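Here it is, the structure, as structure tokens.
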Amino acid sequence: MVGTFIVLGFILLAIFAPLLSPYDPIKTNLPERLRPPSKEHLFGTDQFGRDILSRVIYGARIEVWIIFLVTVISGAIGIGVGITAGYFGGLVDEILMRITDIFLAFPRLILAMALSAMLGRGLTNAILAISLVEWTVIARLARAEAMKIKSQPYIEAIRAVGASNFRILFLHVLPMCLSPVLVQLTLRMGTIILTAAGLGFLGLGAQPPTPEWGAIVSDGRSYLVQQWWISTFPGLFIAVVVLGFNLLGDGIRDILDPRLRR
Amino acid sequence: MRRGSLLDISGLRVIFHTYRGTIKALNGVELWLNEEERLGVVGETGCGKSVTALSVMRLIEQPGEITEGSIWLNDKDLLKLSEEEMDRIRGKHISMIFQEPIAALNPVFKVGFQVAEAIAHSQGITIKDAYPQVREALEMVGLDWQRTIDLYAHELSGGMAQRVMIAMALAVKPKLLIADEPTSALDVTIQAQILELLDKLVTVSQSAVVLITHDLGIASEFCDRVAVMYAGNVVEIATSEEIFSQPLHPYTKGLIDSIPVVGRSKELAGIPGVVPDLVDPPSGCRFHPRCKEVFDKCHTELPSLSQVKPNHYVACHLYQ
Amino acid sequence: MEVLVDVKNLKKYFEIRKSLFARPVYVKAVDDVSFQIQRGSIFAVVGESGSGKSTLGRTILKLIEPTSGKLVYDGKDITNLSGKEMLQYRRQMQIVQQDPYNSLHPRKLVKDIVGEGLKIHLKMKPDEVYTHIKEILELVGLREEHMFRYPHEFSGGQRQRIAIARALVLKPKFVVLDEPTSALDVSVQARALALLRDLREKFSLTYLFITHNLAVVDYMATHVAVMYLGKVMEIGTKDDIFLRASHPYTLALLDCVPTVGTGRKIRSVPRGEIPNPTKPPSGCVFHTRCPKAQKICQEQEPAFVEVSPGHYCRCHFCA
């Protein structure tokens with residue numbers, strides 16, 4: 001419940017950013033620089049006079065965009081690789097799984113950093129990098145599901161009718177794999193934000209002046225002691241939203257599990 | 001008045017609470033059995049035969065509930081006993097064997113241990129002291145005891161596992177053995193072996209048997225009397241000879257006419273319709289929507305199981 | 001009568017490897033099986049676990065690739081045809097499986113399940129497809145509105161009808177029925193068997209009927225093959241098997257079936273367990289359990305003996 005609220009709030013924040021945010025998040029306003037939280041600037045201003053609240057609100061948009069793209073890209077690659085490996089088995093399975101293993105051998109954040117650095121700075125490259133890390137989890141899951149499904153009588157029946165492997169894979173196996181994969185993708189959304197924020201913090205992701213939350217936290221690094229508000233508020237938002245996704249994910253898992261047991 | 005000298009089930013009602021609604025599984029079951037007698041309980045899916053067996057063993061747990069009725073074993077109402085008293089009866093006076101023998105054995109203990117445990121429980125001794133009797137029990141069921149005693153459940157074939165179960169159930173010489181589809185999961189030739197073994201051992205231990213099955217042939221060959229169940233009620237009870245040669249209840253007739261028999265070339269009739277949903281069962285006689293001989297009373301009143309001929313009882317308005 | 005399916009020395013061995021470096025062990029699921037199925041007949045294959053009957057059915061349909069041997073369908077050798085080449089034959093050869101609860105795609109509507117074959121093989125317009133599906137559903141005793149429901153909304157018997165509809169929508173000639181009624185209640189089974197007989201008349205079908213239930217065989221079959229551990233033990237017309245059985249295994253099977261109205265029978269039940277299929281007995285595979293076994297049975301595998309025209313028995317001592 002709580003998770004759903006947080007996630008919903010987060011999404012609404014992103015959608016209604018232009019309406020909610022009091023100031024332009026990018027335009028500098030040097031006379032107002034480094035102001036503490038006040039009535040005019042609820043979250044204070046940063047070293048360029050930009051309103052932190054507005055930057056955080058617009059940052060939500062960026063985060064949503066990141067989550068969406070990473071989910072779609074990693075989902076697509078993961079499902080594609082997973083069901084192909086699971087359905088065909090044998091050599092295809094071996095090769096695809098070894099490739100997956102190569103990606104899985106590296107710690108997630110390190111790999112994301114390495115790929116991001118390789119691809120170059122920028123939000124698009126960061127999204128690509130994170131997707132290339134996330135797909136493996138989905139691939140493993142999709143493969144397990146595909147293996148279960150391929151031995152079901154209804155798959156044998158449709159082979160007897162004359163369906164080609166391609167047809168079976170995409171029209172019969174894929175729809176059955178979607179549920180668990182979608183759940184898993186939802187569960188990973190919190191992690192995706194953290195990774196993106198991490199990359200942003202390191203300067204590998206979004207570039208200034210893009211108000212990505214990790215980047216904003218990074219902005220406030222040198223001002224941490226005196227002007228605590230620059231890093232704290234975006235940091236708080238990251239924590240709360242990730243918590244929200246985790247709670248939502250737990251909730252989804254709980255809803256599905258007892259029914260399975262029943 | 002007790003109808004059966006060993007077991008008398010009267011007015012048994014059992015329900016199950018599910019998210020879909022309450023399943024009225026047993027709708028006033030009447031069943032009785034004499035000492036050393038063999039009663040077959042036949043019926044299709046959902047008729048309540050397994051639930052009845054589990055009720056006798058008092059193994060019905062949430063979301064299931066026994067709401068009404070009495071189950072008399074000799075002079076005790078099993079439904080009124082405490083858990084400790086019932087525990088002394090299970091595995092000692094009443095034993096049970098199940099359909100999937102390999103699944104019914106504990107996967108992490110060796111066969112020898114489990115048989116010893118069963119014997120120990122029934123005699124009130126320690127498992128260690130019961131071990132010497134394990135050899136005899138395994139030989140009784142035709143197993144090579146030296147090899148079998150150290151095997152795990154998954155290392156046994158279906159037939160062997162069922163023999164182990166029979167050893168555990170009959171080594172204690174129970175007054176009543178409940179066998180719930182003991183051979184349905186076995187091949188035909190193995191099934192014949194197991195039934196032959198059961199026949200021999202049950203006679204030796206002087207146990208009465210309630211044999212639950214969907215196979216009318218097994219009921220006919222093995223049992224003295226047969227009870228036919230449908231959707232939570234017993235609809236007919238008679239000697240096995242009579243129930244198959246002169247069935248009275250329309251369901252029994254329909255059932256017998258639906259079963260292919262080697263050598264009989266008659267058309268198989270089948271029974272139109274499907275077994276009812278027990279969350280919302282038909283009113284009155286639960287068979288009435290599928291009955292060819294239905295009339296008004298059948299829709300409103302549940303017929304009671306009453307005697308029509310000596311040792312032949314039917315629950316049908318046609319005979320009341 | 002014409003031969004529709006000709007099976008010659010068919011073998012299907014499955015390889016089981018315990019670990020990467022262990023020597024592979026073979027399960028000889030189907031071991032050198034030969035027979036012919038006449039057009040229009042109901043050819044029953046009977047056996048217990050490990051007999052290989054299910055594998056045989058699927059290998060004939062090429063859902064499983066044969067290890068060796070020859071499969072001739074309607075005069076054409078289909079043994080080595082590839083997936084694409086088999087497509088034209090798939091229209092004619094269908095299967096109805098045992099488990100009605102897993103043989104229909106749980107996320108698809110009945111119309112899509114039944115109609116998929118039409119989409120794959122014929123380029124029909126949507127309204128033609130609709131009519132076809134409606135017709136076939138009515139033929140199996142279902143109604144038009146059932147097209148728009150999901151499998152879980154139906155009972156076991158109805159699901160089996162949907163499976164039959166799926167198999168018949170392309171008007172095949174040959175249908176493999178793998179224990180099609182074993183999972184159904186007795187009262188439902190009777191109607192399903194009657195339906196199958198009926199449809200065979202209407203569409204001039206040929207059935208390969210796989211089952212372990214001899215009473216059903218007696219009711220349905222025109223010809224019977226009895227299998228044990230991958231080999232055919234006896235084969236003949238239905239009457240040959242039921243009235244003049246020669247093989248000790250067939251006789252044992254017939255004897256072991258419990259029947260209504262006979263009271264307690266004295267039987268000579270074959271002793272012992274069905275052997276592990278990875279370690280089949282030498283010589284005649286049934287010798288370990290056969291009441292008539294002699295020394296020769298352990299040493300030499302018997303060849304088929306023609307007991308009477310068309311009736312063969314694989315035993316050194318055929319009655």
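Name the strands (runs of 3 or more DSSP E) wholly inside the stretch C:35-127 in which the number of residues that are β-branched (Val, Ile, Thr) and in contact (Cβ under 8 Å) with a residue 12 or more places away in the chain is 2 or more.
Result: C:42-46, C:93-96.
Related question: Quick test of your reading of the structure: B:Gln123 fulfils all but one of (1) within 14 Å of chain C (Cβ to nearest Cβ); (2) over 19 Å from C:Val269 (Cα atoms); (3) surrounded by fewer than 18 Cβ atoms within 10 Å (Cβ to Cβ). Name the failing condition by number.
For B:Gln123, the exception is condition (1).
So is C:Val232 at the interface with another protein chain (Cβ under 9 Å from one of its Cβ atoms), of a type outside the set (Phe, Trp, Tyr) and either on the phi < 0 side of the Ramachandran plot or out of contact with any Pro (no Cβ under 6 Å at 6 or more places or on another chain) (or both) or not?
In short, no.
Then there is this: Step by step: first the residues of the stretch C:93-119, then only those that are among the aliphatic types (A, V, I, L, M) and buried (at least 18 other Cβ atoms within 10 Å of the Cβ), then the one that is modelled with the lowest pLDDT. Which residue is that?
Within the stretch C:93-119, the match that is modelled with the lowest pLDDT is C:Leu118.
What strands (runs of 3 or more DSSP E) completely inside the stretch B:185-278 contain at least 3 residues that are of a type in the set (Val, Ile, Thr)?
Result: B:208-213, B:233-239.
Residue by residue through the stretch A:149-205, note down the ones that are surrounded by fewer than 21 Cβ atoms within 10 Å (Cβ to Cβ) and of a type in the set (Phe, Trp, Tyr).
Selection gives A:Phe166, A:Phe170.
So, one more: Given (1) within 14 Å of chain C (Cβ to nearest Cβ); (2) touching a residue at least 60 places away in the same chain (Cβ under 8 Å); (3) within 30 Å of B:Arg20 (Cβ to Cβ), where does B:Leu302 come up short, assuming only one miss?
All conditions are met except number (1).
Test A:Gln47 against the stated conditions and say whether it is among the polar types (S, T, N, Q), within 14 Å of chain C (Cβ to nearest Cβ) and on the phi < 0 side of the Ramachandran plot.
For A:Gln47, the condition - among the polar types (S, T, N, Q), within 14 Å of chain C (Cβ to nearest Cβ) and on the phi < 0 side of the Ramachandran plot - is not met.
Within the stretch A:38-52, can one find any residue that is in a helix (DSSP H, G or I) and farther than 22 Å from A:Ser179 by Cα?
Among the residues of the stretch A:38-52, at least one is in a helix (DSSP H, G or I) and farther than 22 Å from A:Ser179 by Cα, which makes the answer yes.
Which members of the stretch C:192-229 meet the condition of being of a type in the set (Gly, Ala, Ser) and within 13 Å of chain B (Cβ to nearest Cβ)?
Within the stretch C:192-229, C:Ala192, C:Ala194, C:Ala215, C:Ala221 qualify.
Just one of (1) of a type in the set (A, V, I, L, M, F, W, C); (2) surrounded by fewer than 19 Cβ atoms within 10 Å (Cβ to Cβ); (3) within 24 Å of A:Gly9 (Cβ to Cβ); (4) in contact with a helix residue (DSSP H, G or I) (Cβ under 6 Å, 6 or more places away or on another chain) trips up A:Phe68, so point out which.
Among (1) of a type in the set (A, V, I, L, M, F, W, C); (2) surrounded by fewer than 19 Cβ atoms within 10 Å (Cβ to Cβ); (3) within 24 Å of A:Gly9 (Cβ to Cβ); (4) in contact with a helix residue (DSSP H, G or I) (Cβ under 6 Å, 6 or more places away or on another chain), the lone unmet condition for A:Phe68 is (4).
In the stretch A:145-188, how many are within 7 Å of chain C (Cβ to nearest Cβ) and either within 23 Å of the chain's Cα centre (by Cα) or touching a residue at least 24 places away in the same chain (Cβ under 8 Å) (or both)?
2
Still on this structure: With respect to the numbered conditions (1) farther than 30 Å from C:Arg159 by Cα; (2) of a type outside the set (Phe, Trp, Tyr); (3) modelled with pLDDT under 90, which one is the sole condition not fulfilled by B:Pro276?
Condition not satisfied by B:Pro276: (1).
The values are calculated or read from the model by the stated rules, or taken from the named source; none is laboratory data. The model shown is predicted, which means the values in this text are computed figures rather than measured ones. All Cβ positions, even for glycine, are placed from backbone atoms using ideal geometry, and neighbour counts span all protein chains on display.
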